[in-house]
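Just dropping this structure here.
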Number of protein chains: 2
Amino acid sequence: MPGRRSYTDADVAVAAKQVFWERGYEGTAVDALQDATGLSRSSLYLAYDTKRAVFDAALADYITTFVDPRLGLVEAPDAGLREAAAFFRGLADYFSGPDAGRGCLLINAIAELAGRDPSFSPLAADFTMRVRAAFTNALGHAAADGAMNRRQVSRRTEMLTASLFGVWLAVRSDSPAAAITCRSIAQEITSWARPVPSNARRSGS
Amino acid sequence: MPGRRSYTDADVAVAAKQVFWERGYEGTAVDALQDATGLSRSSLYLAYDTKRAVFDAALADYITTFVDPRLGLVEAPDAGLREAAAFFRGLADYFSGPDAGRGCLLINAIAELAGRDPSFSPLAADFTMRVRAAFTNALGHAAADGAMNRRQVSRRTEMLTASLFGVWLAVRSDSPAAAITCRSIAQEITSWARPVPSNARRSGS
DNA sequence: CTCATGGTGGACTGACTAGTCCAAGATAGT
DNA sequence: ACTATCTTGGACTAGTCAGTCCACCATGAG
């Protein structure tokens, strides 16, 4: 009902986030945003000039509420292999939950828009850099503790960064399998902490 | 011009493959398929009943011409760490080429359709299983040679599978970076072949 | 040479899309 | 209580989408 505005821009972004997360950017019609927010078209366009602006706001909200807390663990100044492993275990737990099939809003957006929508590319590039920096941080501390050398830090950072993107893609097809993958990665990271098991070759059979 | 049919279904699939590869499934209009094939709408729909059928045929062609030769290297009965590393180096070379930005048609399709189009899910699940089996094959042989134990085989298989999906996603935003990632992964795999460097802890500084 | 077969181009359909616009009406300040 | 301001709902526009359909005509058989 008319009068003074009954919602904030942030309300719109949060409600829209759920729909974009579930159905993707192109897959979300403005009508669906109306249903999700309970607002009519004019009210929506009063808050944001374009569907894309709604999406950007939803993505920004997602990053602060979902990405920052998790990745922040690995970005912490005292983060090490423990935190890197815990990060992937946390993902594994999330992948065992009911909402895992939606994947990651940010990585879904990269998959959908990167390379095709030029205005989106910087965000994708920034995020990749951020993840790489986070793992370099954690693995660098491990190297300082003598667990690995510099060459290993950069190689393993590359591998963890690629793996992170990969599990978020895989979780949309098969979340239980992706949960297992995350736990495997966490275990592998943990194994890096050991100076290196010299009995590795014999414990197989 | 009318008369007897001047093209085969396979011609259509191959031409369509290029467009789908470049622009994605939803992003490709039937008009674009007309341009690519040089056929008119009726001729297209004479070869395939639906846009989706064209896509499936294009994807099948992609798998036999692009995926099979590369992944076959790792699936070979005598494949080991050498072949797994060579697989990622081969990817790195491809990522340095001009067409890298399109990514992988199959993985793009998984990213676009998995979880949203139920009829596509089996193909996605099958491919993930296939990749996992391929790396299990190669790493299993390495384990038989004493380079690692069973636990490492399964963990590292998970990691390589996730990494493969990840690099194909990343290559669409930044192909030079993805090429470096592939080479790092190849080097890491190669390092598994060594019984395990006991001087790893000291060579850092 | 003639006719039936069937490939072909292009107009068309109905269902969507994002975004615009305006009349209706509730509120806040006076 | 009155009025100006600004939110609201919903009709509307212009464009795109996948898929259908038909008149046209080149070809192969007899």
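Computed from the coordinates by the stated procedures, all read-outs in this text should not be read as laboratory data. On a predicted model such as this, the values are computed, not experimentally measured, just so you know. All Cβ positions, glycine included, derive from the backbone under ideal geometry; neighbour counts span all protein chains shown.
Dipole size in debye (nearest 20) for the protein assembly as shown around its Cα centre, Lys and Arg Cβ +1, Asp and Glu Cβ -1?
The dipole magnitude comes to about 1400 debye.
Roughly speaking, what is the centre-to-centre gap between region B:58-104 and region A:94-135 when only Cα atoms are used, to the nearest Å?
24
Restricting to Cα atoms and excluding each atom paired with itself, what does the Kirkwood estimate give for region A:21-61 in Å?
So the Kirkwood estimate lands at 10.4 Å.
Which cross-chain or sequence-distant (5 or more) residues have an amide H under 5 Å from the amide H of A:L39, H modelled 1.01 Å from N in plane?
The list, which skips near neighbours in sequence, is empty: none.
Mind checking A:96-108 for the average number of partner chain beta-carbons within 10 Å of each residue's beta-carbon? All intermediate terms of the calculation are to be shown ahead of the outcome.
On the way: counts 0, 0, 0, 0, 1, 3, 2, 3, 0, 0, 0, 3, 3.
Mean partner-chain Cβ count within 10 Å for A:96-108: 1.
Average partner chain C-beta neighbours within 10 Å, per residue of B:144-150? Intermediate results must be reported in sequence, preceding the final value.
Working: counts 1, 1, 4, 2, 3, 8, 3.
Average neighbour count from other chains, rounded to a whole number: 3.
Contact order normalised by length for region B:1-142, with contacts defined as Cα pairs under 8 Å and 6 or more residues apart; what percent is it?
Reported as a whole number, the value is 28 percent.
Give, as a single signed number, the net charge of other residues whose beta carbon lies under 12 Å from the beta carbon of A:A138, with Lys and Arg counted +1 and Asp and Glu -1.
-1
Order these by the 10 Å Cβ neighbour count, fewest first: B:L46, A:L39, B:L113. Mind showing how you got there, number by number?
Numbers: B:L46 14, A:L39 19, B:L113 22.
Arranged by neighbour count, lowest to highest, B:L46, A:L39, B:L113 become B:L46, A:L39, B:L113.
Could you work out the mean count of beta carbons from other protein chains within 10 Å of each residue's beta carbon in B:29-37?
0
Something else about it: Per the Kirkwood definition applied to all pairs of different Cα atoms, how many angstroms is the hydrodynamic radius of the protein assembly as shown?
This gives a value of 22.8 Å.
Right, something else. Could you pull out every residue, at least 5 positions away or on a different chain, whose amide H is within less than 5 Å of the one on A:G115? Hs are placed 1.01 Å off N in the peptide plane, and Pro or chain starts have none.
For A:G115, the qualifying residues are A:S121.
Let me know the charge dipole size of chain A about its Cα centre in debye, to the nearest 20, where only the beta-carbon of Lys, Arg (+1) and Asp, Glu (-1) is charged.
That gives a dipole near 800 debye.
Assuming a ≥ b ≥ c are the square roots of the Cα gyration tensor eigenvalues, decide whether region A:89-172 counts as rounded (a/c under 1.5), prolate (otherwise, with a/b larger than b/c) or oblate.
oblate
Among the lysines, which fall within straight-line cross-link reach of B:K51, defined as a Cα-Cα distance under 20 Å, with same-chain neighbours fewer than 8 residues apart omitted?
Of all the lysines, those that pass the test against B:K51 - Cα under 20 Å, at least 8 places apart if same chain - are B:K17.
Which three extents, in angstrom, do the Cα atoms of region A:45-116 have along their principal axes, listed largest first?
45, 28, 25
With θ set to phi - 60° and the Karplus curve 6.51 cos²θ - 1.76 cosθ + 1.60, what are the ³J(HN,Hα) couplings of region B:13-28 in order, to the nearest whole Hz, using x for Gly and Pro?
Once rounded to whole Hz, the list reads 4, 5, 5, 5, 3, 4, 5, 4, 4, 7, 10, x, 6, 5, x, 9.
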